[in-house]
Amino acid sequence: MTQINQLLKNAEAILLENGLDQNAAEILLETRMGLTRSELWMEMSRELEPNHEKQFQEDFARYLAGEPVQYILKTAPFYGYDFLVTEDVLIPRPETEELVATAEAFLKQHPLRSLLDVCTGSGIIAIALKKAFPDMTVTASDISAAALAIAKKNSLLLNADVRFIETDLLESFKQNNERFDMIVANPPYISEAEKAEMSDYVLKNEPSIALFAENDGLAIYERFVDNLKYVLNPSFWVGVEIGYTQGERVKHLFEKSYPHATVLIHKDINSKDRYVTCSNILV
């Protein structure tokens, strides 16, 4: 039988050799064993049970073969919650938490009744905001039925009453004459030209429908902003995540459609342009 510290030492040597994330082995082991990181560290001299060791070796082989840790474990943290994730949805990014935090800060100052989360994926934005504001009516939409199935599971697991609609962007709401006070979106925004800069972990595993957009990554924003007038209430707040090179162009799209609104580009923790907000409600 192998001690935990020996197993991790061997695994971390392999990770270092392959230029991979040094945390991966500990994350795989602690999650499967149901331990926190500090609990794992306290158990370092403990001998691993054969079933745990076997599971770790299987998981570790998958990671070395190029599968992200979050898909192996089928879970990813976001905004203080653990979300179910599979290959049908994007892995939540920390940058998206900043969009949620900005929406939450606004809602604390200006309580709104209805929220729509477009391109919801695993449901992270809609569910996080519903948990923060239980009285708000929250709807989430996506073009992918497979993604919505995961989002629905997450809403059940996290006890968040969110309505899910399968539709291309705003089409269903436009047809049904539904209107919202707040709309958030994290749409596909990566241009084909940026593929060269992306890691194989993302390209080989995450759904391309959720990553890429035509016209230099702006195609979805153009359609989205163009149709907002059909689905926004007279007083509104809109927030969208963007690629770090798209700030000025997305801001211009909003300013053209909403010349009397306040349009702002916000930077993420790495000081890169990361989301744009548009609102006509006085702060």
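The values are calculated or read from the model by the stated rules, or taken from the named source; none is laboratory data. The model shown is predicted, which means the values in this text are computed figures rather than measured ones. Reconstructed Cβ throughout: ideal geometry from the backbone, glycine too, with neighbour counts over all protein chains shown.
Take the residues of segment 49-84 that are assigned to a loop (DSSP other than H, G, I, E, B) and within 25 Å of residue 8 (Cα to Cα): which is modelled with the highest pLDDT?
74
Exactly one condition in (1) modelled with pLDDT of 95 or more; (2) in the same structural domain as residue 156 (by TED's automatic domain parsing) is not met by residue 94; state its number.
(1)
Residue-wise test of (1) over 30 Å from residue 165 (Cα atoms); (2) of a type in the set (D, E, K, R); (3) touching a helix residue (DSSP H, G or I) at 6+ places or on another chain (Cβ under 7 Å).
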{"position": "23", "(1), (2), (3)": "yes, no, no"}
{"position": "57", "(1), (2), (3)": "yes, no, no"}
{"position": "63", "(1), (2), (3)": "yes, no, yes"}
{"position": "80", "(1), (2), (3)": "no, no, no"}
{"position": "85", "(1), (2), (3)": "no, no, yes"}
{"position": "112", "(1), (2), (3)": "no, no, no"}
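Which count do you get for residues in segment 36-47 that are without any contact (Cβ under 8 Å) to a residue 40 or more places away in the chain, aliphatic (A, V, I, L, M) and touching a helix residue (DSSP H, G or I) at 6+ places or on another chain (Cβ under 8 Å)?
Going through segment 36-47 one residue at a time, the tally reaches 1.
Any chance you could count how many residues in segment 98-156 are among the polar types (S, T, N, Q), in a helix (DSSP H, G or I) and touching a Gly at 6+ places or on another chain (Cβ under 9 Å)?
Looking only at that region, the number is 3.
If residue 35 passes every condition in (1) closer than 27 Å to residue 271 by Cα; (2) aliphatic (A, V, I, L, M); (3) not in a helix (DSSP H, G or I) but one, which one does it miss?
(1)
Determine which member of the set 10, 5 is in a helix (DSSP H, G or I), touching a residue at least 12 places away in the same chain (Cβ under 8 Å), more than 17 Å from residue 72 (Cβ to Cβ) and out of contact with any His (no Cβ under 7 Å at 6 or more places or on another chain).
Only one candidate qualifies: 5.
Output the residues belonging to segment 1-47 that are among the aliphatic types (A, V, I, L, M) and in contact with a strand residue (DSSP E or B) (Cβ under 7 Å, 6 or more places away or on another chain).
1
For segment 48-65, what are the residues that are surrounded by 13 or more Cβ atoms within 10 Å (Cβ to Cβ) and in contact (Cβ under 8 Å) with a residue 12 or more places away in the chain?
Listed by number, the residues that qualify are 48, 52, 53, 55, 56, 59, 60, 63, 64.
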